[in-house]
Amino acid sequence: MNPKHIYDTIIIGAGPAGLTAGIYAGRAALDTMIIERDQVGGQVTTTSTVWNYPAVADIDGSKLVNLMQKQIDEFRVPIVQDDIQSMDLNQEVKVLYGQQDYFARSVIFAAGDLLAKPLRQIVTAAADGALAATSAENYVIEQKRQLGVPIKAAKKQRPVSSITQQTTLDSEEEKTPLAPAHAGTWFPDEIKAQLKALFVRLNQAVTLLVLTDDSAKSRQLLSFTKELSALDPAHLSVQQETSTATADKRLPALILLDNKKQDSGIRFSGIPTGHELNSIVLAIYNLAGPGQSIDTKLVDQIKALPAMHLQIGVSLTCHFCPDVVAASQRIAALNPKITAEMIDLQLFPDFRKSKKIMSVPAFMINEGDVTFGSQTLNQIIDLCQQQA
Ligand SMILES: Cc1cc2nc3c(=O)[nH]c(=O)nc-3n(C[C@H](O)[C@H](O)[C@H](O)COP(=O)(O)OP(=O)(O)OC[C@H]3O[C@@H](n4cnc5c(N)ncnc54)[C@H](O)[C@@H]3O)c2cc1C
């Protein structure tokens, strides 16, 4: 992204209010960008059924939000991932401060259902978003008129999407020498104690194979993995392999090898920190320990599945993602024909863009259609059986 680009409007928050504001601002041909710190969709992604949104009788919250995202896509309004910490709204060009600075003639604050109002629902949030976008449109037109700025540039340079911006950040990172910031600091003492207590139950060896290139992220993944394995050197060891990224091979990646040093099919593309720490710990426990208990009928169903590649697009701040990752990787651990890959979408924005993923968890089989939202082990087995 050109950091000096001045948007007509920037919307903070991609919940129903922000997405609706984006649809209205995009429709009004405002040069618009949405900034979301967590997952697109806001609170409504946490509910499995919405009964009261007009014209949609009964819908999963994530699916409702996905429909809104499709409209946003049609208006080519990008959604970037950042956490806005502060703003300077006193000048004609407003400045928003997150991991980088953003500039806009108007700002729509759609960061949550905060104000007291008689009804806090999706429909009222959407209405507020529409009203805010309409006010922003009037404000921007008036400001441009006063400044003599063309109201509609002949050919506006479209803002680069979040995906490309993220790639740009990665490229910058490549150029920046990595300070060894994470040495010995990935796991606070309390977490270390909890993990050691769990790893005591491991009864087989696991090799953590780290596929790296020469990026900063690769070095971070290696440092994370070494620190993790040091919690149980009797069972966990690290092996590093230099590799080259391809369309199908995202780097850095972590692959779990079983006690015969065979690929278990469990793969993490990115660094499984944040909520994904649960996934890597469960993957190790299910591969090398007694594992979580599982119904023998389910085991039989899993073993009967044909070869397939499961992918789970996640954000590290998503509460629901580890359940889907752990269930998928459980399947991979039990069936040697199946692989299950967690993909940190913030780290692999091209993948996210290619799949048009705007909310997580995003589950795919053999790179096919995306199933959004939380899934139980049974539901994932069902999806795999349908695919078979
Ligand atoms: C469990 C649950 C079930 C619900 N069920 C229903 C229902 O069935 N029907 C219904 O009508 N309503 C329902 N609601 C209420 C509805 O979800 C909310 O009214 C609606 O989501 C509010 O939308 P919003 O866009 O204003 O805020 P939010 O949905 O809260 O979205 C705000 C977004 O802004 C982002 N954000 C915040 N600060 C920043 C920052 N500094 N930088 C960048 N991004 C930021 C947040 O991450 C978030 O994604 C439910 C709510 C919950 C919690």
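Out of (1) in a strand (DSSP E or B); (2) crowded, with 21+ Cβ neighbours inside 10 Å, the odd one out for Ile284 is which?
Ile284 satisfies all of (1) in a strand (DSSP E or B); (2) crowded, with 21+ Cβ neighbours inside 10 Å except (1).
Only one of these is modelled with pLDDT of 95 or more and among the aliphatic types (A, V, I, L, M): Val325, Val314. Name it.
Unique residue meeting the criteria: Val325.
Is it true that some residue in segment 86-109 is touching a Pro at 6+ places or on another chain (Cβ under 9 Å), in contact (Cβ under 8 Å) with a residue 40 or more places away in the chain and among the acidic types (Asp, Glu)? Step through it out loud before you land on a result.
Looking only at segment 86-109, we keep the residues that are touching a Pro at 6+ places or on another chain (Cβ under 9 Å), and these are 100-103.
If we keep only those that are in contact (Cβ under 8 Å) with a residue 40 or more places away in the chain as well, we get 100-103.
Going one step further and asking which of them are among the acidic types (Asp, Glu), we end up with 101.
Within segment 86-109 (the criterion being touching a Pro at 6+ places or on another chain (Cβ under 9 Å), in contact (Cβ under 8 Å) with a residue 40 or more places away in the chain and among the acidic types (Asp, Glu)), the answer is yes, since at least one residue qualifies.
Residue by residue through segment 239-252, note down the ones that are among the hydrophobic types (A, V, I, L, M, F, W, C) and surrounded by fewer than 17 Cβ atoms within 10 Å (Cβ to Cβ).
Answer for segment 239-252, where residues must be among the hydrophobic types (A, V, I, L, M, F, W, C) and surrounded by fewer than 17 Cβ atoms within 10 Å (Cβ to Cβ): Ala245, Ala247.
Among residues belonging to segment 12-50 that are assigned to a helix (DSSP H, G or I) and β-branched (Val, Ile, Thr), point out the one that is farthest from the ligand (Cβ to nearest atom). Explain how you work it out, then say what you get.
Kept after step one, since they are assigned to a helix (DSSP H, G or I), are these residues of segment 12-50: 16-27, 42-46.
Now narrow it down to the ones that are β-branched (Val, Ile, Thr): 20, 23, 44-46.
Working: Thr20: 8, Ile23: 13, Val44: 4, Thr45: 8, Thr46: 5 Å.
Going through the qualifying residues, I end up with Ile23.
Write out, first by first residue and then by second, each pair whose Cβ atoms fall under 8 Å of each other, whose residues are 6+ apart or on separate chains, and whose first residue, in segment 220-237, is closer than 16 Å to Ala283 by Cα and in the same structural domain as Ile255 (by TED's automatic domain parsing) while the second is among the β-branched types (Val, Ile, Thr) and in a helix (DSSP H, G or I).
From residues that are closer than 16 Å to Ala283 by Cα and in the same structural domain as Ile255 (by TED's automatic domain parsing), the pairs are Leu228/Ile280; Leu236/Ile284.
With the requirement that a residue be modelled with pLDDT of 95 or more and among the polar types (S, T, N, Q), what does segment 358-377 give you?
Asn366
When you go through Tyr7, Tyr53 one by one, which is the residue that is among the hydroxyl-bearing types (Ser, Thr, Tyr) and more than 10 Å from the ligand (Cβ to nearest atom)?
Going through Tyr7, Tyr53 in turn, just one is among the hydroxyl-bearing types (Ser, Thr, Tyr) and more than 10 Å from the ligand (Cβ to nearest atom): Tyr7.
The values are calculated or read from the model by the stated rules, or taken from the named source; none is laboratory data. Fair warning: this is a prediction, and the values are worked out from it, not measured in the lab. Counting neighbours? That spans all protein chains shown, and the Cβs are built from the backbone with ideal geometry, glycine included.
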